[in-house]
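As structure tokens, the structure follows; a few thoughts come after it.
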Amino acid sequence: MNKLLFVLFSCCLIMGACNSSDNEEPNSTDDAVTIEEGEIVATDEAEFKSIIDGEGEKIWAASAFTLAGLTTFTDCRLDDSMLFRSDGTYEYNGGRDLCGAEDNAFIKTGTWEVNFDDSTIIFDKGTSNEEVGEVIGMTETEIRLKGAYMMMEVRGIYTSN
């Protein structure tokens, strides 16, 4: 699994930053957006994990995404989703509008685990594709993640029913 997948929903879920057409000019009127940190409602590692996987499986859909505080190149991220299973596997769906670069396949799979002490989700641990996403906010229906791509901060908000 490529590094960009994990950086978005972290990474993975925290991801790359090009739009579907590399020839389009950035929108110069795009203002900086801040995805704020929030409360983490989980009180221990088991609860942290069960919020993510729903104690079975749970789908999280992207609802906001910034790269270096901007939304200019992030529209293609807003149709992404991630299915987390309690067996420690995930399925990433890049949606209809792939961004290019590392976001180059509709479906990607791998493994995941949590580190409650560091408030992180670790994707494909022990492989060359290992990535870590920092959870900066979490409720039963929303996860806020932070990571980096090419030395730029990436933040995303993911929601689930």
Worksheet item: FRET efficiency for PHE106 and LEU83, Cβ-Cβ distance as r, R0 = 22 Å, nearest 0.05?
Response: 0.95
Worksheet item: Given labels modelled 7 Å from the Cα in the Cβ direction, how far is it in nm from ASP44 to ASN115?
Response: 2.1 nm
Item to complete: Would you mind getting me the FRET efficiency between ARG96 and ALA68? Use the beta-carbon distance for r and R0 = 25 Å, nearest 0.05.
Response: 0.50
Discussion item. Could you work out how much longer the chain between GLU140 and ASN161 gets when fully extended? Use 0.36 nm per residue separation minus the Cα distance between them, nm to one decimal.
Written reply: 6.7 nm
Worksheet item: So what is the relative contact order of the range 66-161, in percent, for Cα pairs below 8 Å that sit 6 or more residues apart?
Response: 19 percent
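Values quoted throughout were computed directly from the atomic coordinates according to the rules given, and no laboratory measurement underlies them. Just so we're clear, the structure is a prediction, and the values are computed from it rather than from any experiment. All Cβ positions, glycine included, derive from the backbone under ideal geometry; neighbour counts span all protein chains shown.
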